[in-house]
1. Using square roots of five times the C-alpha gyration tensor eigenvalues, list the equivalent-ellipsoid semi-axes of the range A:3-241 in whole Å, biggest first.
2. What FRET efficiency do you get for B:Met339 and A:Phe114 if R0 is 25 Å and r is their Cβ-Cβ distance, rounded to the nearest 0.05?
3. Specify the inter-centroid distance of the range B:130-205 and the range B:291-338, based on alpha-carbon positions, in whole Å.
4. Within the range B:102-152, report the trypsin sites (Lys or Arg not before Pro) that DSSP leaves as loop and that have at most 16 other Cβ atoms within 10 Å.
5. In the range B:393-457, what trypsin sites (Lys or Arg not before Pro) fall in a loop by DSSP, with at most 10 other Cβ atoms inside 10 Å?
6. I'd like the trypsin sites (Lys or Arg not before Pro) in the range B:180-280 restricted to DSSP loop residues with at most 13 other Cβ atoms within 10 Å, sorted by number.
7. For chain B, the longest stretch holding no GluC sites (Glu not before Pro) located in a DSSP loop with at most 13 other Cβ atoms within 10 Å is which?
8. Just add up the charged neighbours of B:Glu438: K/R +1, D/E -1, any other residue whose Cβ is under 13 Å from the Cβ of B:Glu438.
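Each reported figure results from applying straightforward, stated rules to the coordinates on display, with no laboratory input. Because the structure is predicted, anything quoted here is derived from the model rather than measured. Cβ atoms come from the backbone with ideal geometry, glycine included; neighbour counts cover every protein chain shown.
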Amino acid sequence: MTINSIFLMMLTGLQLGAIYALIALGLTLIFGTLGVVNFAHGALYLIAAYFAVFLAGSVGFGWAILLVPIILFLIGLALERGLIQFFYSRPHTDQILVTFGVAIVVEEALKWMFGANNIPFALPSWGAGQVLFYGAGAVVPDAIPGIRIPMPFLEGFSFFPAWRLLLIIVTAVTILAIFALLQFTRFGLVVRAGMRDAEIVRFLGVNISARFSIVFGIGALIAGIAGVFGGPITQVSPTVGMALLVPSFLVVVIGGMGSMIGALIAALMLGMALSFTTGFAAAIGDPTMKTVLTALQQIVVYLVAVVVLLIRPRGLFGTKGVFE
Amino acid sequence: MKITEKGISRRGILRAGAAGSIALAAPMHFIRNAWAQKAIGNFPARTEGSTVKFGFIVPQTGAYADEGADELRAYQLAVKHLNEGGGMLETIKPLSLKGNGVLGKKIEYVSGDTQTNPDAARQAAQRAIERDGVIMFSGGSSSAVAVAQQYLAQEKGVIFMDALTHSNDTTGKDRRRYGFRHFFNAYMSGIALGPIIAERYGKDRRAYHLTADYTWGHTQYESIKEATEKQGWTTVNNIMTPLGATDFSQFLTAAINSDADVLILNHYGKDMINSLTQAVQFGMRDMQKNGKQIEVVVPLYSELMAQGAGDNIEGVLGTANFNEKLDDPGSQVFIKAFMEEHGRPPSQAAHTAYVQTLLYANAVEQSGTFYPPEVIKALEGLEVDGIGPGTALYRAEDHQCFHDILVVEGKAPSARQDEYDLLEIVKHVPREEVTYPEDLPAFGGPEADLGPYEPTA
């Protein structure tokens, strides 16, 4: 295994983790503040991807990046006020059932409207192409287009899709922005206080319910960002929401319900686990080991979850007693 | 005075004639009775009224719902043509059908949802058989479903006409007396595709396979591997990918890290759309390895997949069972009728569904009974014209239908005339070339057995 292939596997792991992190971030934010297990979060991603593909096709990708998160924020608010708020005081199982129901309705409605087949979602012209990484002393032919980044430890040069690197950057910026919002603003202070003890904050005369509605909207907005930037990768069809929800939910559970830093680390763990087991399965010569690794590659996400939860039932950064 | 004193009376002639015809018919009648002694499945109970029912169990939800919807459109058309005439009833030879139903009974149908899931499919089929009393059922998209349905068919004594299933196992190790497949299979794809890709891309190529991890993917990988290695290619590696993955980047990175210069995607439906689209995003079609352009091959193509993958299909080769640009009389009448009824050209899923329904009905009409063992015997070894290009043969030994198949290539966006004009026919591969011995190891070897004509259950 060369240094180049390890480098590519790391980038792949980061990028796989990035999309899980974006979706899990919204999930864990909503659980951490509202205490709601939102199984409709995959459906929000789905709605975002459909809006994105149609907006990108009609008014351009730039507008899609701007509009889709706003639309999703509004959908999130409407969903919280119209449905979710009636389930705050009910058990988690009821919340899971109702949000899961919403997810099925959204999926089937989109299938009814646009068919079950995939809607092609092409990358915008400015986001297509490869980024070239080159090592010390590498001779890169001038004919190769695109951005070039020096990586002294590489042998020769390597490519990675520009859009996937952008996804990693967008994820990092989004996570930092949410962190800053919660840590350094007055809104964040109130929300964090509400997470600690909503009752007391209410007694102090703060309308914490309104703040929590906005938090739900922000969770949906993050799903919107994930839909715009993830859509061209996962493509747009009614089943994609559910396909992403399961690993993203695992990320939240492994990280600890409601913990943002936990979700981030868990997403990275899963991304790297997927990337490296596949990479090793492909690289290994011994047929028995290859069979084992090939099988492992398909279940590695669940295996990580099992190991983490056996050792630490509340998840990596979970609060004691919550979903333990 | 007697009217008929001498000579032969009119009544007498009639009487003698009637007796004579009964005497002549008697042996046939007895054979019929001998066959019909045993009730099998829904025969004879559900064939005694003025109508009989067919069951069409297709994916209405799940990943293959669009294929299912197109199959259902074709089944509706087939029922219409059976009851009212038209369509391939004008081209099928030999034809017993009269366009007045089957054996004079009008055809009705019920539909069910497979959910692209073998368990759900089995339940839906069981409901159609037990509650609705269907005399034949058809449908499916996914070989896992088809195999499950064939076992159910054998167990219940109700004939199953496979629709979209491409795994070797369906007419290989899992072949069943009560199951028939008109669609081609992975092995035939390999025979058809091997020479063409070797001619286009050269004999010295190194292939990297990504394979959907279930019965169809496994058999397709084996078949394409064998066919390409016969052309002198080397198989560098194969990775099994989980069905329904949204992101294939870890698999594509592994392929890029290898020294392979051809990527073969043993994927279908959404898996194929995603893996192909992402391979293009990874720049694989602009890359070079070993001094050669990297090529991507999709052994099993469909119109719906081509639609979903958009511009990424340009120049990608694969095989198909049918194409809406075929110009033989059978394909033409079907395409025309389908366009008139539904306003869009039929997919290969629709074609195979339609043909299967008519072939079953024709076999019933020909044998003069719905009794399953007789219908099966009418289909076994059947040679038929007018259902597509060339003469098709339903081989008795494994219930695989052999006919001409197509090698197709994705069209460039600029070369398309309308939204359905996506695939170009590169070659008709004649039936003789894709025919193989039924006892090949890839098809279960000599032990593979269809099972009895009369279910023991």
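1. After diagonalising the Cα gyration tensor, the semi-axes are 37, 23, 15 Å.
2. Calculated value: 0.65.
3. 19
4. Of the trypsin sites (Lys or Arg not before Pro), the ones in loops of the range B:102-152 whose Cβ has at most 16 other Cβ atoms within 10 Å are B:Arg131.
5. none
6. Counting only loop positions with at most 13 other Cβ atoms within 10 Å, the trypsin sites (Lys or Arg not before Pro) in the range B:180-280 are B:Lys203.
7. B:49-418
8. -2
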